[in-house]
Amino acid sequence: MTPVQLFLLGRTLMKIGEEALPELPPSADTPRVGTRAALVVLSDLLGHPDTSVGEIAVRTGLPQSQVSGTVARLRDAGSIVTAPDPADGRRQLIRRAPDVSEWVSEVRASRIGDALATALGTDDPERLREVAAALDVLAQHLTPETVGRLRS
């Protein structure tokens, strides 16, 4: 496999994952944001509680405006909470909500079966089991922690 093939495979897998995930619930006060941005922001908050929009933007590479919109939607959905920074009252600190929101519960309960079948263009149970098993092997060996070893 070439690096280009691996990159394209990763992009395809990401798209299948996005298709399988529930969208954030609509909010009258904030613009629509993608599930990908929401997952990136929530993932960043796992390792960096009590952080700011600007800090999330720097760490994730997302534009600050996208992080701001995503934070607003996640707050509206009950997935995160914000509070004024005691050191700088103009700044908001962001952390995961103490209770699991309905959207996070839906994300955790989501499965890839339907999206995988659609992407493969088949509902053949044997083929779906074969591909799902291959994905399970990849997931066991290529965890989010493995990416950290590439950045050193």
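For an R0 of 25 angstrom, estimate the FRET efficiency from the Cβ-Cβ distance between M14 and A83 and round to the nearest 0.05.
Here the calculated transfer efficiency is 0.20.
Taking every Cα atom in region 56-99, find the radius of gyration and the maximum pairwise distance Dmax, and write them in Å.
Calculated on Cα positions, Rg and Dmax stand at 10.9, 28 Å.
Might you tell me the accessible area per residue for region 1-57, computed with a 1.4 Å probe and given in Å²?
62
Can you compute the FRET efficiency between L128 and D29 using 1/(1 + (r/R0)^6), with r the Cβ-Cβ distance and R0 = 41 Å? Round to the nearest 0.05.
Rounded to the nearest 0.05, the efficiency is 0.55.
Given region 5-152, report the % of alpha carbon pairs whose separation exceeds 18 Å.
Pairs farther apart than 18 Å: 64 percent.
Which semi-axes, in whole Å and largest first, does the equivalent ellipsoid of region 92-152 have when worked out from the alpha carbon gyration tensor as the square roots of 5 times its eigenvalues?
Semi-axes, largest first: 29, 21, 9 Å.
Just the accessible area for D44, please: 1.4 Å probe, Å², rounded to the nearest 10?
Counting only protein heavy atoms, the figure is 20 Å².
Once neighbouring chains are kept in place and the probe is 1.4 Å, which whole percent of the accessible area of the chain is contributed by carbon and sulfur?
Working: 5740 of 10200 Å².
Whole-percent figure for carbon plus sulfur exposure: 56.
The values are calculated or read from the model by the stated rules, or taken from the named source; none is laboratory data. Here the structure is a predicted model, which means the values were calculated and not measured. Cβ atoms come from the backbone with ideal geometry, glycine included; neighbour counts cover every protein chain shown. When the accessible area is computed, the model is the full protein with side chains, heavy atoms only, and any ligands, DNA or RNA have been set aside. Shrake-Rupley method; radii C 1.70, N 1.55, O 1.52, S 1.80 Å.
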